[in-house]
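> Provided herewith is a single structure, encoded as structure tokens, for subsequent inquiry.
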Amino acid sequence: GGKGAAEGASKEGKDKDPNALVDISGLQVYDRNWDGRAPKEGDPKPKASRFIILVRHGHYLDNKKTDEERVLTSTGRQQARVVARRLADMPWDIDRVIVSDMA
């Protein structure tokens, strides 16, 4: 068989993950006080927070005719793994996920 898309994609950096199609080394750790509104020492803490995170699908085969054929590419699957890792690193528990199909 021939070389896969990830195999041989980068000749530099032998320590790099051969399955990594997206460089995630530059991702920042989430700044919980991104807007500077965190309570100061001694101030009462807010009683509730709500976060709504919207995620769009990753790269997919858009040149196909049916939804069954419009599947994520290897890049799209890697993008999904990056999003999953990022969400797992958030400083809260996710209590609800709402999804829809791509149609």
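> Rounded to a whole number, what % of the accessible area of segment 29-85 do carbon and sulfur atoms account for, probe 1.4 Å?
Carbon and sulfur atoms account for 52 percent of the accessible area of segment 29-85.
> Another question, then. Just subtract the alpha-carbon distance of Arg77 and Asp101 from 0.36 nm times their residue separation and send over the number in nm, one decimal.
Between Arg77 and Asp101, full extension yields 7.1 nm more.
The values are calculated or read from the model by the stated rules, or taken from the named source; none is laboratory data. Everything numeric here is computed off the predicted structure, so don't read it as measured data. Ligands, DNA and RNA are stripped out before the accessible areas are found, and what is left, the full protein with its side chains, is counted by its heavy atoms. Shrake-Rupley method; radii C 1.70, N 1.55, O 1.52, S 1.80 Å.
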